[in-house]
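> What follows is a single structure, and I will ask about it in a moment.
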Amino acid sequence: MSATEWRLYEINQLLLDAIHAANEKADPETGEIPADWCTFLDGVEIERNTKCLHVARYIKSLRAEAGAVTAERDALAHRAKMLTNKADSLKQYLAGAVQPGEELKDGTTRISWRKSTSVSVLNETAIPEAYWKIEKRPMLREIGDALKSGDQVPGCVLSENKNIQIR
């Protein structure tokens, strides 16, 4: 059967087979697809524009699924935070209801007290430099603004990029 005789669903099946092959070759930790798979996709005999548009549609579906997973992750993180807050509130209740040094227990649960220490900072300005952690990162937005306004920033240049868009 020649390429001109294929029906759209058959073309989609070829791309679907290629996508399944990509999923099998994808790195299980990062999801990245190896470069040799692109050579495989180039070998799928479908009109270039059709192939590119179908791949773009698949990218859109992957991004939509990633968005749904992210939303679910955020919802679960919110739920976890709420549950933790409830547990912390109830723990505060117990701290007021159970006297220090008192121990309560049954077959599955034990409430007791232990000693601990913590640091309380009374005056941050009095803390010596040796006890500060400072994170040093370039301020990319500010560097970009300076470069765009014509200022020189040693070690930095503006780079113009071409980024593909899929809508």
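> Of the lysine pairs in the stretch 3-102, how many meet both conditions: Cα atoms under 24 Å apart, and a spacing of 8 or more in sequence or different chains? The partial results should precede the final answer.
Working: 25/51; 25/60; 51/60; 81/91.
Step by step, the pairs that qualify in the stretch 3-102 add up to 4.
> Just subtract the alpha-carbon distance of residue 117 and residue 45 from 0.36 nm times their residue separation and send over the number in nm, one decimal.
Details: separation 72, 0.36 × 72 = 25.92 nm, distance 6.93 nm.
In short, 19.0 nm is gained.
> In debye to the nearest 20, how big a dipole does the stretch 104-167 give about its Cα centre with +1 on each Lys and Arg Cβ and -1 on each Asp and Glu Cβ?
540
> For the stretch 134-143, what does the Karplus curve 6.51 cos²θ - 1.76 cosθ + 1.60, with θ = phi - 60°, yield as ³J(HN,Hα) per residue in whole Hz, taken in order and with x for Gly and Pro?
Here the 3J(HN,Hα) series is 10, 9, 10, 9, x, 8, 4, 4, 5, 5 Hz.
> Listed highest first by mean packing, meaning other Cβ atoms within 10 Å per residue, what order do 139-151, 50-62, 115-127 come in?
Details: 139-151: 10.5, 50-62: 14.0, 115-127: 5.8.
Ranking the peptides 139-151, 50-62, 115-127 by packing returns 50-62, 139-151, 115-127.
> Here is a further query. Read through the labelled values (i) 1, 8, 17, 21, 21, 16, 10, 5, 1, 0, 0; (ii) 1, 5, 7, 8, 8, 8, 9, 10, 9, 8, 7, 6, 6, 4, 2, 1, 0; (iii) 1, 7, 12, 13, 12, 12, 13, 12, 9, 5, 2, 1, 0 and report the label of the one computed as P(r) over Cα pairs in 5 Å bins from 0, in percent from the structure.
Structure-derived value, by its label: (ii).
> Full-extension gain between residue 142 and residue 99, please, as 0.36 nm times their residue separation minus the C-alpha to C-alpha distance.
Numbers: separation 43, 0.36 × 43 = 15.48 nm, distance 5.52 nm.
Length gained between residue 142 and residue 99: 10.0 nm.
> Residue by residue, what Karplus-based ³J(HN,Hα) values in Hz, rounded to whole numbers, does the stretch 105-116 have, using 6.51, -1.76 and 1.60 with θ = phi - 60° and x for Gly and Pro?
7, 9, x, 10, 9, 9, 10, 8, 10, 9, 8, 8
> Once you charge only the Cβ atoms, +1 for Lys and Arg and -1 for Asp and Glu, what is the size of the charge dipole of the stretch 22-167 about its Cα centre, to the nearest 20 debye? Spell out each step's value before the answer.
Numbers: 22 positive and 22 negative charges, 106 e Å.
With only Lys, Arg, Asp and Glu charged at Cβ, the dipole is about 500 debye.
> Here is a further query. Given only helices, namely DSSP H runs of n ≥ 4 each adding -39500 (n - 2.57), what is the per-residue ellipticity at 222 nm of the chain, to the nearest 500 deg cm²/dmol?
Values: 4 runs with 86 residues, N = 167.
That calculation yields -18000 deg cm²/dmol at 222 nm.
> Would you mind checking which residues have amide H under 5 Å from residue 111's amide H? H placed 1.01 Å from N; only 5 or more apart, or other chain.
104, 105
> Between residue 106 and residue 167, take the C-beta separation as r, use R0 = 45 Å, and let me know the FRET efficiency to the nearest 0.05. Write down the numbers at each step before the final one.
On the way: r = 61 Å, r/R0 = 1.35.
E between residue 106 and residue 167, to the nearest 0.05, is 0.15.
Every number in this text was worked out from the coordinates using simple rules, so none of it is lab data. Here the structure is a predicted model, which is why all the values come from computation and not from measurement. With ideal geometry, Cβ positions are generated from the backbone for all residues, glycine too; neighbour counts draw on all protein chains shown.
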